[in-house]
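Asker: Got a structure for you, questions after.
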Amino acid sequence: MTVDPNAATQDFPSPEPARGRRPQAVGYLVPALVAGAVALALGAYGKVHDPAGTAFNLAGFNSTGAVKSWLGTAAMGFAVVQLVSALMVYGKLPGPSWAGVLHRWSGRVAFLVAVPVAVHCLYALGYQTYEPRVLWHSVLGCFFFGAFSAKMLLLRSERLPGWLLPIVGGLVFATLTVVWLTSALWFFRTFGVTT
C-alpha cells in the first residue's frame, strides 16, 4: 500500500491554546486559604501558648536575642539575594545563566534560617501586642509564613498570569523586611551589635 503525499487530509479543529484560557479562581483560592490558615494557626498558637521565656541558644552568643537577631539578619541577607536574583531571572537586571538556581537555593536557605527564629518567637515569647512595634512584628511574622506558603503553592500552579508571582514574592520580601526591622534592627540599635 502506498500513500499519496498530495492527497487531501481530514481537517480537525485545533485545540484552544493553553495561553488563551484563564485560570479558574480555585487556582488562586486554595493558596490564599492555605496562607490564611497558616497565619491564623501560628497566631493562635502564639496567643494561647504560655511563653517559655527561652527556646534555644547557640554557643558563642550571649543571649537568645542575639541569636535571633543574627539568624534573622542572615535570612534577610538571603532574601536580598532572592530579590536581586529574581530581577535577573525576569530580565530586569543582567545576570548569569545560573540566576534561577541562585534564586531557588537562596530562598531555601533564607527559609531554613528563618524557621528557628519563628519557632523561638512563638515558643519563647508568643503572640504579643503590648506596644506597636511588637504588635506589628507579631502580626507580620505570622503573615510572612502564610504568604510564603501561598508563594510555594503558586509555584506549582499552571497558567499563572505573569504578574502574580512577582507580586506575591515582593509581598513576602516586604513582609520579611518589616519583620527584620521590628526585631533584629531594633535589637542591634537597642543593645548594640553583639553576639
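Since every read-out is calculated from the coordinates, none of them should be taken as a lab result. None of the values given here were measured: they were computed from a predicted structure. Cβ: placed from backbone, ideal geometry, glycine included. Neighbour counts: every protein chain shown.
Asker: When 1/r is averaged over all different Cα pairs and the result inverted, which Kirkwood radius in Å belongs to region 37-174?
Answerer: After inverting the mean inverse Cα-Cα distance, the result is 16.3 Å.
Asker: Treat each spin label as a single point 7 Å out from the Cα along the C-beta direction, and report the Val26 to Leu185 distance in nm.
Answerer: Rounded to a tenth, the inter-label distance reads 4.3 nm.
Asker: Principal axes first, then extents: for the Cα atoms of region 132-195, list largest minus smallest coordinate on each axis, whole Å, largest first.
Answerer: 48, 20, 17
Asker: Dimensions of region 71-131 along principal axes (Cα, Å, largest first)?
Answerer: Largest first, region 71-131 extends 45, 22, 14 Å along its Cα principal axes.
Asker: Figure the gain on full extension for Val34 and Val81 (residue separation times 0.36 nm, minus the Cα-Cα span) and round it to one decimal in nm.
Answerer: 14.3 nm
Asker: Using label points projected 7 Å from each Cα along Cα→Cβ, tell me how many nm separate Val48 and Ser157, to one decimal.
Answerer: 3.0
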